[in-house]
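One structure is given below, encoded as C-alpha coordinates.
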Amino acid sequence: MSWQLFFDLDRTLWHHEANCADVLAEFCSEFPELKHLDPAHVAQRYQVINDGLWEIIQEAGYGVDYVRNRRFPFLLQELVPELPTKERRELAEVLERAFTQRTPTRGATYPAVAETLRLLKEAGYGVHVLTNGVTSSQERKIAAMGLTEVVDSVTTSDASASYKPDRGIFTYAMRLAGCRPEEAVMIGDSRLRDVGGGKAAGMRTLWFDAPDALPPDGDSEPDGTFHHFAELPDALRRIGA
(Lines give C-alpha, C1' and ligand atoms only; values in the text may rest on other atoms or scores of the structure.)
Protein backbone atom coordinates (compact mmCIF):
# COMPACT_ATOMS: atom_id res chain seq x y z
CA MET A 1 0.00 0.00 0.00
CA SER A 2 1.24 3.47 -0.91
CA TRP A 3 0.51 5.97 1.88
CA GLN A 4 -0.74 9.41 0.89
CA LEU A 5 0.18 12.32 3.16
CA PHE A 6 -2.07 15.40 3.24
CA PHE A 7 -0.46 18.51 4.71
CA ASP A 8 -2.16 21.64 5.89
CA LEU A 9 -0.33 24.68 4.48
CA ASP A 10 -0.51 27.80 6.67
CA ARG A 11 1.12 27.21 10.08
CA THR A 12 2.16 23.70 9.07
CA LEU A 13 4.43 24.03 6.03
CA TRP A 14 4.29 27.78 5.34
CA HIS A 15 5.18 29.92 8.36
CA HIS A 16 2.15 32.19 8.38
CA GLU A 17 3.23 34.57 11.15
CA ALA A 18 6.77 35.07 9.83
CA ASN A 19 5.70 35.71 6.25
CA CYS A 20 2.88 38.08 7.17
CA ALA A 21 5.09 39.97 9.62
CA ASP A 22 7.70 40.44 6.89
CA VAL A 23 5.20 42.14 4.58
CA LEU A 24 3.64 44.22 7.35
CA ALA A 25 7.11 45.47 8.40
CA GLU A 26 7.60 46.65 4.82
CA PHE A 27 4.32 48.55 5.04
CA CYS A 28 5.50 50.31 8.21
CA SER A 29 8.59 51.55 6.40
CA GLU A 30 6.88 52.43 3.10
CA PHE A 31 3.65 54.19 4.07
CA PRO A 32 3.97 57.53 5.92
CA GLU A 33 0.73 56.91 7.83
CA LEU A 34 2.26 53.79 9.42
CA LYS A 35 5.86 54.90 10.08
CA HIS A 36 5.21 55.71 13.73
CA LEU A 37 3.87 52.21 14.47
CA ASP A 38 5.80 49.28 15.94
CA PRO A 39 5.88 46.57 13.23
CA ALA A 40 5.70 43.77 15.80
CA HIS A 41 2.54 45.27 17.30
CA VAL A 42 1.03 45.73 13.84
CA ALA A 43 1.72 42.07 13.05
CA GLN A 44 0.23 40.91 16.35
CA ARG A 45 -2.96 42.91 15.89
CA TYR A 46 -3.24 41.83 12.26
CA GLN A 47 -3.10 38.17 13.29
CA VAL A 48 -5.86 38.61 15.86
CA ILE A 49 -8.14 40.40 13.39
CA ASN A 50 -7.39 38.10 10.46
CA ASP A 51 -7.83 34.91 12.48
CA GLY A 52 -11.14 36.17 13.86
CA LEU A 53 -12.45 36.90 10.38
CA TRP A 54 -11.32 33.50 9.10
CA GLU A 55 -13.18 31.84 11.96
CA ILE A 56 -16.34 33.59 10.79
CA ILE A 57 -16.09 32.55 7.14
CA GLN A 58 -15.15 28.95 7.98
CA GLU A 59 -18.17 28.63 10.25
CA ALA A 60 -20.57 30.42 7.90
CA GLY A 61 -19.19 29.22 4.57
CA TYR A 62 -18.54 32.76 3.26
CA GLY A 63 -15.97 33.48 0.55
CA VAL A 64 -12.50 34.86 1.29
CA ASP A 65 -13.54 38.32 0.09
CA TYR A 66 -15.35 38.69 3.43
CA VAL A 67 -11.93 38.66 5.09
CA ARG A 68 -10.14 40.74 2.46
CA ASN A 69 -12.76 43.49 2.59
CA ARG A 70 -12.49 43.85 6.37
CA ARG A 71 -9.06 43.01 7.82
CA PHE A 72 -7.20 46.19 6.87
CA PRO A 73 -10.13 48.54 7.52
CA PHE A 74 -10.43 47.01 11.01
CA LEU A 75 -6.67 47.15 11.56
CA LEU A 76 -6.36 50.79 10.52
CA GLN A 77 -9.41 51.80 12.54
CA GLU A 78 -7.67 50.37 15.60
CA LEU A 79 -4.11 51.57 14.96
CA VAL A 80 -4.55 54.92 13.19
CA PRO A 81 -7.99 56.18 14.27
CA GLU A 82 -6.82 59.77 13.74
CA LEU A 83 -6.85 59.29 9.95
CA PRO A 84 -9.93 60.73 8.25
CA THR A 85 -12.39 58.02 7.28
CA LYS A 86 -11.93 58.48 3.51
CA GLU A 87 -8.12 58.33 3.76
CA ARG A 88 -8.31 55.29 6.01
CA ARG A 89 -10.60 53.48 3.56
CA GLU A 90 -8.36 54.31 0.59
CA LEU A 91 -5.23 53.22 2.44
CA ALA A 92 -6.89 49.95 3.48
CA GLU A 93 -7.64 49.16 -0.18
CA VAL A 94 -4.03 49.85 -1.18
CA LEU A 95 -2.66 47.72 1.66
CA GLU A 96 -4.99 44.82 0.87
CA ARG A 97 -3.94 44.75 -2.77
CA ALA A 98 -0.25 44.90 -1.84
CA PHE A 99 -0.61 42.30 0.91
CA THR A 100 -2.45 39.85 -1.36
CA GLN A 101 0.25 40.28 -4.01
CA ARG A 102 3.28 40.07 -1.73
CA THR A 103 2.62 37.49 0.97
CA PRO A 104 2.37 34.44 -1.34
CA THR A 105 5.86 35.27 -2.65
CA ARG A 106 7.41 34.81 0.81
CA GLY A 107 8.75 31.35 1.49
CA ALA A 108 9.58 31.14 5.21
CA THR A 109 8.92 27.61 6.45
CA TYR A 110 9.38 25.70 9.67
CA PRO A 111 12.79 24.04 10.10
CA ALA A 112 13.45 20.95 7.97
CA VAL A 113 10.17 21.16 6.02
CA ALA A 114 11.63 21.00 2.50
CA GLU A 115 14.22 18.30 3.16
CA THR A 116 11.74 16.12 5.06
CA LEU A 117 9.09 16.29 2.36
CA ARG A 118 11.68 15.39 -0.27
CA LEU A 119 12.86 12.41 1.80
CA LEU A 120 9.28 11.21 2.22
CA LYS A 121 8.64 11.57 -1.49
CA GLU A 122 11.78 9.56 -2.28
CA ALA A 123 10.63 6.91 0.21
CA GLY A 124 7.44 6.39 -1.80
CA TYR A 125 4.89 8.51 0.04
CA GLY A 126 2.43 10.66 -1.87
CA VAL A 127 2.69 14.30 -0.80
CA HIS A 128 -0.40 16.52 -1.01
CA VAL A 129 -1.57 19.89 0.31
CA LEU A 130 -5.06 20.22 1.82
CA THR A 131 -5.75 23.79 2.87
CA ASN A 132 -8.47 26.29 3.66
CA GLY A 133 -7.47 28.99 1.22
CA VAL A 134 -7.54 30.33 -2.33
CA THR A 135 -5.91 28.12 -4.97
CA SER A 136 -3.94 30.87 -6.73
CA SER A 137 -2.31 32.23 -3.57
CA GLN A 138 -1.71 28.80 -2.02
CA GLU A 139 0.04 27.53 -5.13
CA ARG A 140 2.26 30.61 -5.11
CA LYS A 141 3.21 29.89 -1.49
CA ILE A 142 4.14 26.32 -2.40
CA ALA A 143 6.32 27.68 -5.22
CA ALA A 144 7.94 30.23 -2.89
CA MET A 145 8.95 27.37 -0.57
CA GLY A 146 10.45 25.49 -3.52
CA LEU A 147 8.01 22.60 -3.17
CA THR A 148 6.05 22.69 -6.43
CA GLU A 149 7.79 19.59 -7.79
CA VAL A 150 7.36 17.74 -4.49
CA VAL A 151 3.60 18.24 -4.11
CA ASP A 152 1.41 15.80 -6.05
CA SER A 153 -1.91 17.61 -5.62
CA VAL A 154 -3.36 20.74 -4.02
CA THR A 155 -6.86 20.85 -2.55
CA THR A 156 -8.21 24.22 -1.41
CA SER A 157 -11.46 25.33 0.14
CA ASP A 158 -12.44 27.35 -2.92
CA ALA A 159 -11.81 24.41 -5.28
CA SER A 160 -13.74 21.96 -3.09
CA ALA A 161 -16.45 24.46 -2.03
CA SER A 162 -15.99 23.44 1.61
CA TYR A 163 -13.79 24.29 4.57
CA LYS A 164 -12.01 21.99 6.99
CA PRO A 165 -13.27 20.31 9.14
CA ASP A 166 -16.17 19.60 6.75
CA ARG A 167 -15.95 16.09 5.35
CA GLY A 168 -16.39 17.39 1.79
CA ILE A 169 -12.93 18.91 1.48
CA PHE A 170 -11.24 15.71 2.69
CA THR A 171 -13.30 13.56 0.32
CA TYR A 172 -12.40 15.91 -2.54
CA ALA A 173 -8.69 15.71 -1.67
CA MET A 174 -8.66 11.91 -1.48
CA ARG A 175 -10.53 11.62 -4.76
CA LEU A 176 -7.99 13.96 -6.38
CA ALA A 177 -5.14 11.87 -4.96
CA GLY A 178 -6.82 8.61 -5.98
CA CYS A 179 -6.71 7.03 -2.53
CA ARG A 180 -9.01 5.61 0.14
CA PRO A 181 -9.23 6.93 3.73
CA GLU A 182 -7.34 3.90 5.08
CA GLU A 183 -4.36 4.92 2.90
CA ALA A 184 -4.37 8.57 4.00
CA VAL A 185 -2.75 10.61 6.79
CA MET A 186 -3.83 14.18 7.56
CA ILE A 187 -1.03 16.31 9.02
CA GLY A 188 -1.61 19.79 10.41
CA ASP A 189 -1.47 22.27 13.27
CA SER A 190 -5.20 22.51 14.01
CA ARG A 191 -6.71 20.04 16.45
CA LEU A 192 -10.17 21.13 15.27
CA ARG A 193 -9.79 21.40 11.50
CA ASP A 194 -6.95 19.02 10.64
CA VAL A 195 -7.12 16.37 13.35
CA GLY A 196 -10.87 16.45 13.96
CA GLY A 197 -11.76 16.76 10.29
CA GLY A 198 -9.28 14.12 9.19
CA LYS A 199 -10.47 11.61 11.80
CA ALA A 200 -14.10 12.17 10.82
CA ALA A 201 -13.16 11.47 7.21
CA GLY A 202 -11.54 8.16 8.20
CA MET A 203 -7.92 9.25 7.86
CA ARG A 204 -5.09 8.73 10.33
CA THR A 205 -3.91 12.02 11.80
CA LEU A 206 -0.71 13.66 13.00
CA TRP A 207 -0.72 16.92 14.93
CA PHE A 208 2.13 19.36 14.27
CA ASP A 209 2.72 21.11 17.59
CA ALA A 210 5.43 23.64 16.68
CA PRO A 211 7.42 25.38 19.44
CA ASP A 212 5.77 28.70 18.49
CA ALA A 213 2.31 27.23 17.80
CA LEU A 214 -0.94 28.89 18.83
CA PRO A 215 -2.87 27.27 21.71
CA PRO A 216 -4.84 24.18 20.61
CA ASP A 217 -8.16 25.11 18.98
CA GLY A 218 -9.92 21.84 19.80
CA ASP A 219 -9.70 18.63 21.77
CA SER A 220 -9.68 15.99 19.03
CA GLU A 221 -6.99 13.42 19.84
CA PRO A 222 -4.52 12.75 17.01
CA ASP A 223 -2.97 9.37 16.31
CA GLY A 224 0.42 10.98 16.87
CA THR A 225 2.20 14.26 17.54
CA PHE A 226 5.48 15.78 16.38
CA HIS A 227 7.20 19.09 17.18
CA HIS A 228 9.83 19.35 14.43
CA PHE A 229 9.69 18.14 10.85
CA ALA A 230 12.82 16.04 11.36
CA GLU A 231 10.63 13.94 13.70
CA LEU A 232 7.93 13.35 11.08
CA PRO A 233 9.25 10.09 9.53
CA ASP A 234 9.41 8.47 12.97
CA ALA A 235 5.95 9.81 13.83
CA LEU A 236 4.59 8.18 10.66
CA ARG A 237 6.20 4.86 11.53
CA ARG A 238 4.72 4.95 15.02
CA ILE A 239 1.20 5.17 13.61
CA GLY A 240 1.88 2.41 11.10
CA ALA A 241 2.09 4.61 8.00
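The values are calculated or read from the model by the stated rules, or taken from the named source; none is laboratory data. Please read these numbers as outputs of a predicted model, since none were measured by experiment. Here the Cβ is made from the backbone with ideal geometry for all residues, glycine too, and neighbour counts use every protein chain on show.
Numbers for the structure displayed
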{"read-out": "Pairs with Cβ under 8 Å, 6+ apart, first in segment 9-26 and part of a helix (DSSP H, G or I), second among the acidic types (Asp, Glu)", "value": "16/10; 17/212"}
{"read-out": "Subset of segment 172-202 (residues that are of a type in the set (D, E, K, R) and in a helix (DSSP H, G or I))", "value": "175, 182, 183, 191, 193, 194, 199"}
{"read-out": "Failed item in (1) closer than 15 Å to residue 34 by Cβ; (2) buried (at least 16 other Cβ atoms within 10 Å of the Cβ), with residue 78 passing the rest", "value": "(2)"}
{"read-out": "Residue selected from segment 97-111 under the condition of a type in the set (D, E, K, R) and assigned to a helix (DSSP H, G or I), by the criterion farthest from residue 70 (Cα to Cα)", "value": "102"}
{"read-out": "Which listed residue, of 93, 115, is surrounded by fewer than 19 Cβ atoms within 10 Å (Cβ to Cβ), at pLDDT 95 or above and either in the same structural domain as residue 38 (by TED's automatic domain parsing) or within 20 Å of residue 180 (Cα to Cα) (or both)", "value": "93"}
{"read-out": "Index of the failed condition, residue 78 passing every other in (1) free of Cβ contacts under 8 Å to residues at least 60 places away in the same chain; (2) more than 29 Å from residue 5 (Cα to Cα); (3) part of a helix (DSSP H, G or I); (4) out of contact with any Lys or Arg (no Cβ under 7 Å at 6 or more places or on another chain)", "value": "(4)"}
{"read-out": "Hits in segment 122-145 - residues which are out of contact with any Phe, Trp or Tyr (no Cβ under 6 Å at 6 or more places or on another chain) and either assigned to a strand (DSSP E or B) or under 21 Å from residue 237 (Cα atoms) (or both)", "value": "122, 123, 124, 126, 127, 131"}
{"read-out": "Among (1) outside any helix (DSSP H, G or I); (2) touching a residue at least 60 places away in the same chain (Cβ under 8 Å); (3) within 24 Å of residue 134 (Cβ to Cβ), the one test that residue 241 misses", "value": "(3)"}
{"read-out": "Per-region count, segment 52-70, residues closer than 20 Å to residue 131 by Cα and without any contact (Cβ under 8 Å) to a residue 60 or more places away in the chain", "value": "11"}
